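Input: a single structure, listed below in structure tokens.
The values are calculated or read from the model by the stated rules, or taken from the named source; none is laboratory data. Please read these numbers as outputs of a predicted model, since none were measured by experiment. All Cβ positions, even for glycine, are placed from backbone atoms using ideal geometry, and neighbour counts span all protein chains on display.
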Amino acid sequence: MKSLFLFAAASAALLTAPAAAQNSQPSSDDRLQQILGNLFGQGTTANNSLEAQWRNGRTPLANRSAQFDARVDADARTGALNSATAARLKSDYASVVQLEARYAADGVVTTAERTELSDRYGELTQTLADGGYANNGTELRAPVSDGRAEFTTRVDAAVTARRLSRVAATRLKADYVALVQVEAGYLRDGRLTDTERDILDERLDALDARLDGATVTVTPRTRLDAIARALPASRLSAAAQAQVRIEHGDLVRLTAAYERLAPTAEERAYLERRLSNLETRARVVR
């Protein structure tokens, strides 16, 4: 129950510190005392507040979640925490809140459960006071969900550059969402094991490899074939389909000529405009 004594220890450190030290840059103990005081009161009062609420099956950590996050955000703004540490702290606090809710679900938080919650909460407040995790130099790992927007942007860029089909892009995005859900499942017990972290990292690396290795070059001939396949289901009138087929034939011959020659940038741009126009009219899904 080491973290149960953090409150009293922080108070003692503050009271016994030399006056000159108190007037200088706040120490880790000072910061810890401030954090605990803001959330749950001072010293022994804070300790008793947590213990009493847990004994009654309440969830004090959940009730102070917004305040904890606000303190993390404030420290991130001042530079006391870097963005990766701030994100991890909030994620880890949320995990402890989930664990607290599970323990309190039956209305009773046992001694062992209170000890675990107190230890884990104490570790987080100490990390916040210290300005970082004591991770022996290992790199901080942001939640999988934090990278979703950036991954989606990269996928969309690959589609725009025609290195990736829309079908493949949709599959990649869905697989990333599935990985976010896997991580959420792992966190139901409050924290990630080393094995679970390795699994998530391996699957993230595999998604990156699929995206970075996307060398599908959608050639003009491939696009013309897709137009021909899509046309019967395009719901265009018979006359409109006939017109598309005429233009399609023109582009087939033009593409064959370009394959034998070295088209200029202007000629390639012309072909691109014609192909895009036919794809839109034939309702091609890439």
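Of note:
- Selected residue (only one of VAL72, VAL96, VAL108 is in contact with a Gly (Cβ under 7 Å, 6 or more places away or on another chain), surrounded by 13 or more Cβ atoms within 10 Å (Cβ to Cβ) and at pLDDT 55 or above): VAL96
- LEU179 vs. criteria within 30 Å of GLU113 (Cα to Cα), at pLDDT 85 or above, buried (at least 16 other Cβ atoms within 10 Å of the Cβ) and not charged (D, E, K, R): yes
- Residue that is farthest from ASP69 (Cα to Cα) [pool: residues in region 79-103 that are of a type in the set (S, T, N, Q) and part of a helix (DSSP H, G or I)]: GLN98
- Selection from region 155-172 of residues that are surrounded by fewer than 16 Cβ atoms within 10 Å (Cβ to Cβ) and either part of a helix (DSSP H, G or I) or touching a residue at least 60 places away in the same chain (Cβ under 8 Å) (or both): ASP156, ALA157, THR160, ARG166, VAL167, THR170, ARG171
- Residues (over 16 Å from the mean Cα position of the chain (by Cα) and either at pLDDT below 80 or of a type outside the set (A, V, I, L, M, F, W, C) (or both)) located in region 199-213: ARG210, ASP212, GLY213
- Among residues of region 140-153, those that are more than 19 Å from TYR186 (Cβ to Cβ) and surrounded by fewer than 15 Cβ atoms within 10 Å (Cβ to Cβ), counted: 3
- Contacts under 8 angstrom Cβ, first residue in region 98-111 being in contact (Cβ under 8 Å) with a residue 12 or more places away in the chain, partner surrounded by 20 or more Cβ atoms within 10 Å (Cβ to Cβ) and among the β-branched types (Val, Ile, Thr), 6 or more apart: GLU100/VAL109; TYR103/VAL109
- Near pairs, Cβ below 8 angstrom, 6+ apart or cross-chain, from region 251-278 (under 15 Å from THR219 (Cβ atoms)) to any residue that is at pLDDT 85 or above and polar (S, T, N, Q): LEU271/THR255
- Single residue of GLU266, GLU259, GLU272, GLU279 found to be acidic (Asp, Glu), loosely packed, with under 15 Cβ neighbours inside 10 Å and within 22 Å of ARG166 (Cβ to Cβ): GLU272
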